[in-house]
1. In the chain, if the dipole is taken from +1 on Lys/Arg beta carbons and -1 on Asp/Glu beta carbons about the Cα centre, which of 108, 119, 64 is farthest to the positive end?
2. On the principal axes of its Cα set, how long, how wide and how thick is the stretch 18-91? Give whole Å, largest value first.
3. Keeping all protein chains in place and using 1.4 angstrom, which order do 27, 121 fall into by accessible surface area, from largest down?
4. Between residue 83 and residue 15, what FRET efficiency follows from the Cβ-Cβ distance if R0 is 22 Å, with the result rounded to 0.05?
5. How big is the Cα convex hull of the stretch 42-132 in projection, averaged over all directions, in nm²?
6. Per DSSP H run of n ≥ 4, the term is -39500 (n - 2.57); total these for the chain, divide by its residue number, and report the mean residue ellipticity at 222 nm rounded to 500 deg cm²/dmol.
7. Of 91, 34, 81, which is farthest on the positive side of the dipole of the chain, counting Cα position, with +1 on Lys and Arg Cβ, -1 on Asp and Glu Cβ, and the Cα centre as origin?
8. Can you tell me the length gained on complete extension of the stretch residue 116 to residue 73, counting 0.36 nm per residue apart and subtracting the Cα distance?
Amino acid sequence: MKGKAMARPLPKAPDRWLKEILLAIKDAKEAKPFALLTGAKLTDTDLFHLAPMVCLKFRGRQLTGAEAERVTKGALANYVVNTGPEALVQGLASKPQLAFALCYVAAHFVLDLVDEQTAADILDYCEEHMPG
């Protein structure tokens, strides 16, 4: 955390992470009308692009600047890796909520707020319990 206050405390268990991820998805969906103002259409399938920004928002971090760029690039690169033929999560492209969860958790990993094992545990739980 390096001295930065978090807007929300980190969840302590995978089921709590799932609840926060569902709140984060809801938060991201609220941006849909604003996307239309820019001429873009934001669908549920595209929401994973906003996961790093919602992570930064929920953790009280800056939404612009070097850290935001690093977090966004790292989280979205994780999505790309996990949609290829060697993907750990099969069919991710057809599971928009799980895609969002992957990017959201990856953003926390890039920020050093979760370690690799914790991230894997959260995503395993989400894969088994994500509604829809």
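1. Final value for the positive-end residue is 64.
2. 36, 27, 26
3. Greatest to least solvent exposure: 121, 27.
4. 0.25
5. The Cα convex hull of the stretch 42-132, projected and averaged over all directions, gives 5.8 nm².
6. Here the helix-only value at 222 nm equals -18000 deg cm²/dmol.
7. Working it through, the farthest residue towards the positive pole turns out to be 34.
8. Working: separation 43, 0.36 × 43 = 15.48 nm, distance 1.74 nm.
Length gained, residue 116 through residue 73: 13.7 nm.
The values are calculated or read from the model by the stated rules, or taken from the named source; none is laboratory data. If you're wondering where the values come from, they're calculated on a predicted model, not measured in any experiment. Don't worry about glycine lacking a Cβ; one is built from the backbone with ideal geometry, like all the others, and counts go over all protein chains shown. These area figures cover heavy atoms from the full protein model, side chains too; ligands, DNA and RNA do not enter into them. Shrake-Rupley method; radii C 1.70, N 1.55, O 1.52, S 1.80 Å.
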